[in-house]
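Enquirer: Let me begin by handing over the structure; questions about it come next.
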Amino acid sequence: MSKTKRTVQYFAGICATFAFTFTGATISWSSPVIPKIKSGEANLLLTDVMLLFTTMPGLIYLGRFLSGISNGITAVVTMVYLTEIADKEIRGALGMLVQVMINLGALSMYGIGPFVSYTAINSIVLAIPVINLLLCLWLPESPYYHLKDERFADAKKVFMILKGCKDVKWAEEQLGIIRIHVRESMENKSTVMELFSNMKYRKAVYIVTGLKILQYMTGCLAIQSYLENIFAQSSSVPGAYVSIVYGILQLVAGVGATFLAGYFGRRILMGVSSAGVAFSMTIVGLYFFLQDTINISAKSLETISSMPLVGVLLFNVLYAVGLGTIPYIMQAELFPINVKTVASSSATMMACILNFVVTKCYQGVKDMFGHYIVFWSFALIAYLGIVFIYYFVPETKSKTLEEIQDFMDGKKNLEVEMLNERNDSEILEKNS
């Protein structure tokens, strides 16, 4: 029977993940802003507030660079925090809140951005981290953070707050199991060299690398950044309105994925997500192939004009179900505490590089080879991802972080061993 009340965990998860609203807003910022720049609407006077009023490209680049650093820090710290404070039964659901918050931030850009001024858009983005700061003032520290420095009393205090329990003996037993793993992990170094040179972490490095490629090389950021432009070339429906529908569906899909995470394993959700992304990108690519390469008649093209909309919206839903969030969760689950921050930071740096490559190359590949090549490239990676997930990605649902580490190291579960030893001792005491 569970001895925990998870109210604090849920509230802490919501407040911590709100930071990703800023991530979603900055990722989708270009969708409503690019048309304003092209139309000359964003030609405003420069003030001391960086992006708020600036029209100078250099300052825009600097502002985007700084927001990228902020998003990178958020991705590392928040996911490590969530995986360390959450019970194993709700760790996946809390992790899925990341996608909900990203989608909420994106919707704020899609739903409000096209209808307000350039200054108002940037003011909305600026307000989000301020709200996040206020929400996070009360957050309890992770017990793992205290155990890492052997502060057992502090760890017990926050552990009992997070678990909502008053059973001191049970809390000490649970923390005892965690402390053994933390001590064992902290015997090793906490450096980048340790992460990449020690064979102990090699399996986790390969898995997370594959998941990050799958997460970012299947087109999510390119679609979000160029959403209005994509539909301007393929649909009579105004891009701004399509963006709003996209944003609403994205938010609903993220909320739905949060509930699904409580019923289905990581592997199933990512497998379905990868297959759905592959299929939807194939549909979008097929439309542009027929339009640009086959050059079918305008009448025929009109009959299939909904294909890009259907494909992108389908991508939106299925990406949120798995690929959008689970790689974030697993990068914080698969590594022990001594290299967890370094590993998550390295994974986030890799994600930033992939983001840059995909977003930067999107327009160039489109211009050189055609729109269909872009989307079929995304589809190919997603198809390969199905195979990768099936053969290489472990299931971590309903496992504690300690059970996951034992599995990755090929060890018998420590908690089971301790319970067996306790039962053996009780039997010996009764027989003596």
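The values are calculated or read from the model by the stated rules, or taken from the named source; none is laboratory data. The structure presented is a predicted model; accordingly, all values stated were derived computationally and were not measured. Glycine also receives a Cβ, built like all others from the backbone with ideal geometry; neighbour counts cover every protein chain displayed. Each accessible area value is taken on the protein alone, full model and side chains, heavy atoms only, with ligands, DNA and RNA left out. Shrake-Rupley method; radii C 1.70, N 1.55, O 1.52, S 1.80 Å.
Enquirer: Quick one: in segment 357-380, which of the residues that are in contact (Cβ under 8 Å) with a residue 12 or more places away in the chain, of a type in the set (Gly, Ala, Ser) and assigned to a helix (DSSP H, G or I) is least open to solvent (accessible area, probe 1.4 Å)?
Expert: ALA379
Enquirer: Among the residues of segment 318-356, which ones are free of Cβ contacts under 8 Å to residues at least 40 places away in the same chain and farther than 30 Å from MET186 by Cα?
Expert: Across segment 318-356, the qualifying residue is only PHE356.
Enquirer: Look at segment 122-167 and say how many of its residues are touching a Lys or Arg at 6+ places or on another chain (Cβ under 8 Å), farther than 19 Å from VAL77 by Cβ and not small (Gly, Ala, Ser).
Expert: Residues flagged as touching a Lys or Arg at 6+ places or on another chain (Cβ under 8 Å), farther than 19 Å from VAL77 by Cβ and not small (Gly, Ala, Ser) within segment 122-167 amount to 5.
Enquirer: Any residue that is part of a helix (DSSP H, G or I), in contact (Cβ under 8 Å) with a residue 24 or more places away in the chain and either among the small types (Gly, Ala, Ser) or within 30 Å of LYS189 (Cβ to Cβ) (or both) - is there at least one of those in segment 280-291?
Expert: yes
Enquirer: Now a separate question. Checking PRO308 against (1) in a helix (DSSP H, G or I); (2) open to solvent by 30 Å² or more (accessible area, probe 1.4 Å), only one condition comes out false. Which one?
Expert: All conditions pass for PRO308, except number (2).
Enquirer: Considering segment 7-48 alone, what residues qualify as being at pLDDT 70 or above, in a loop (DSSP other than H, G, I, E, B) and open to solvent by 60 Å² or more (accessible area, probe 1.4 Å)?
Expert: Matches in segment 7-48: GLU41 only.
Enquirer: Might you check whether a residue that is out of contact with any Gly (no Cβ under 9 Å at 6 or more places or on another chain), at pLDDT below 80 and in a loop (DSSP other than H, G, I, E, B) occurs anywhere in segment 62-73?
Expert: no
Enquirer: Would you confirm whether any residue within segment 318-334 is farther than 17 Å from LYS212 by Cα and more than 13 Å from the chain's Cα centre (by Cα)?
Expert: no
Enquirer: Can you pull out the residues in segment 105-123 that are surrounded by 17 or more Cβ atoms within 10 Å (Cβ to Cβ) and under 24 Å from VAL255 (Cα atoms)?
Expert: Listed by number, the residues that qualify are GLY105, ALA106, LEU107, SER108, MET109, TYR110, GLY111, GLY113.
Enquirer: When the residues of segment 167-202 are filtered to those that are of a type in the set (Ser, Thr, Tyr) and in contact (Cβ under 8 Å) with a residue 12 or more places away in the chain, which remaining residue is surrounded by the most Cβ atoms within 10 Å (Cβ to Cβ)?
Expert: Once the filter is applied, the top-ranked residue is TYR201.
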